[in-house]
1. I'd like to check something: does segment 2-17 contain any residue that is more than 30 Å from residue 721 (Cβ to Cβ), surrounded by fewer than 20 Cβ atoms within 10 Å (Cβ to Cβ) and not assigned by TED's automatic domain parsing to the domain that holds residue 211?
2. Here's a check for you: in segment 164-219, which residue that is under 29 Å from residue 87 (Cβ atoms), in contact with a strand residue (DSSP E or B) (Cβ under 8 Å, 6 or more places away or on another chain) and in a loop (DSSP other than H, G, I, E, B) is modelled with the lowest pLDDT?
3. Across segment 513-532, which residue is farthest from the chain's Cα centre (by Cα) among those that are part of a helix (DSSP H, G or I) and buried (at least 19 other Cβ atoms within 10 Å of the Cβ)?
4. Please find, among 76, 116, 31, 128, the residue that is more than 25 Å from the chain's Cα centre (by Cα) and under 26 Å from residue 480 (Cβ atoms).
5. Could you tell me which residue of segment 131-152 is surrounded by the fewest Cβ atoms within 10 Å (Cβ to Cβ), considering only residues that are in a helix (DSSP H, G or I) and more than 48 Å from the chain's Cα centre (by Cα)?
6. Listed residues 315, 352, 288; which is closer than 18 Å to residue 259 by Cα, modelled with pLDDT of 85 or more and in the same structural domain as residue 706 (by TED's automatic domain parsing)?
7. Any idea which of (1) buried (at least 22 other Cβ atoms within 10 Å of the Cβ); (2) under 34 Å from the mean Cα position of the chain (by Cα) is the one residue 608 doesn't satisfy?
8. Quickly run through segment 119-130 and pick out the residues that are crowded, with 16+ Cβ neighbours inside 10 Å and without any contact (Cβ under 8 Å) to a residue 60 or more places away in the chain.
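The values are calculated or read from the model by the stated rules, or taken from the named source; none is laboratory data. If you're wondering where the values come from, they're calculated on a predicted model, not measured in any experiment. With ideal geometry, Cβ positions are generated from the backbone for all residues, glycine too; neighbour counts draw on all protein chains shown.
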């Protein structure tokens, strides 16, 4: 073990000397790599869609793309407005102006549906007429009253365009499935013909275009909303875009504040401008290269990966501080820049290398995760850590060899306020080690109990303050319209024209009644839409509007004839419910907004009910953006559990290898795992569920805790080889390595604690948990590690010729 230790140290001593003699070539090499990767940055894409959470070859995504290609997008923006007199002429003219403004001003729009253009199916003799409800604007109170009765009696309108109490009406704004704007031609003409193969896959609306759609819609809403015409907005696209904008704003703002806070603390520690600018430059270039690498590989920057910059800043600044603190101390002591540089790398190079490789290896164990952002976070965070390592051991030494640095008078160790504080902590850790271990053991047991209470839920609506307009509007529309999102069933009859068969249509009708009985954790549905609703509407219209004819015809030929008449009216509404071959049918179940795990349980019950209700020759699957949303959460939970286990095993193996002793390496994992256990245990006791974003806290905490432990162990081994006295080696480690650990902990935890002032609860929780984990990591190393080392290393005679010099 000692020989390996000496070999690694000699390697870094050689590297330090090489860079000192040739700083310019080293700098040119680093800047060339930076320029190559940085030039890729303009190609970096943002993707905040639900689809972006999945790998491109995933089954869920394939099913959803097939659904979008066949039936269009079903993630809608719902705009609600309440009035005591919805069918007042003045109110309807304002509604018409809003409707027309949306059609004129919103890009990538498929259609806007409201009372004004709602389908009104009626019969005149043998002729079927399908027109807008307000095809002819009523010119009298009696005509308006007739339209109001017709709308109120239409079951399709209820909970879709009209609330059950008749006080709220909605406009449903549907984005286009494709990125190409409508040129006026009917891209789905020839609905009754067999689909023809196309030479290329359709280009779906991308994240930027979807954002333009949402932004323009919200702008129109703001334009028309007033005290006497108050508009409410909800729907998955609005929620996704609002979360993205708030997170982007918060992360960017607090990241800048964190960098400023870190800069102040670096200056207070080193009292040199170079001690601030050099590590920040290394961190910035690390971010540039990492993001450039993402762009070069075509990997989009997604909402969960927005924590990547914070993490890389934490790792990069921590590594830089260890090199710089050793360099400045040595330079101030001897005045020889070359000796100070080689000594700093010789002292801190090995633990910096070990920490980087261990952290990167742990992160890259996430690369096989089923959730795409989790896998990408593991790959590129790990790559970023290794890039940061290169900047730490090449760029920083090269700059230290070139930039002007003034030698300062060194204060005596006994006179340093920080050294006195660290000395007191060391004495406390040594003399009260049994009590400290007992207290931390009790805390660990308490955390384990809290861990058993930990729940998981991903509900972006609850991230907003209670008075946020989007949350208020969504909760209101959830109640008045019985839901603002939907689950989509795709039912395959197994044969062409299969849904001309009355028995299959009756099975769909029966499914509607059974869906009404499904309830999962308070979630239920009172609204379904399917081909059955259209057929019953047609049948009633062709029979003089008599209520008893609102049913499915019993004759297959009659079903086919009625659908043929419906198509010949010029409407394309059938495209929303059945494919061109009448083989596959879409079945929409409208539900209130809820947490992802709640919707997932309901979705499973819905699928089971559909499979029991439908004939054996009919297959059914659940899809739609809401289904994707719930799959994200379920897969992320499973992925994170597996990845954490792999990361823990991988880091444990690397810890053993770097420490050079299996027993010490495994025991050293205790203070690494303790911060994660306590943070998650506290979360369990608080009753606040974890979500997709806060699950990343564990990986960040583990990476930073491993860094602290390796630096502490490396310092201890060095001093223990020198003096043979365990307690004395611990004291020396505290006033040398401990100084850097304390400063980096304060700086990095402060950077994350600032997120407590963010707009979204998920960001607040992420910041608090990460900051607390960073603090717990250094507490574990300062309190737990000394007790473990005293137990593992009995005092031996000093071996004074092992090292040639004493460190601070």
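1. No, because not a single residue in segment 2-17 is more than 30 Å from residue 721 (Cβ to Cβ), surrounded by fewer than 20 Cβ atoms within 10 Å (Cβ to Cβ) and not assigned by TED's automatic domain parsing to the domain that holds residue 211.
2. Per the stated criteria, the residue is 164.
3. Our first condition is that a residue be part of a helix (DSSP H, G or I); within segment 513-532, this holds for 513-515, 531-532.
Those left that are additionally buried (at least 19 other Cβ atoms within 10 Å of the Cβ): 515, 531-532.
Working: 515: 32, 531: 36, 532: 38 Å.
Restricting to residues being part of a helix (DSSP H, G or I) and buried (at least 19 other Cβ atoms within 10 Å of the Cβ), the top hit is 532.
4. 116
5. We begin by selecting, within segment 131-152, every residue in a helix (DSSP H, G or I); these are 141-152.
Among the residues that remain, those that are also more than 48 Å from the chain's Cα centre (by Cα) are: 141-146.
On the way: 141: 10, 142: 8, 143: 12, 144: 16, 145: 12, 146: 12.
Here the answer is 142.
6. Values: 315 fails: modelled with pLDDT of 85 or more; 352 fails: closer than 18 Å to residue 259 by Cα.
Selected residue: 288, the only one of 315, 352, 288 that is closer than 18 Å to residue 259 by Cα, modelled with pLDDT of 85 or more and in the same structural domain as residue 706 (by TED's automatic domain parsing).
7. Condition (1) is where residue 608 drops out.
8. Residue satisfying the conditions is 120 alone.
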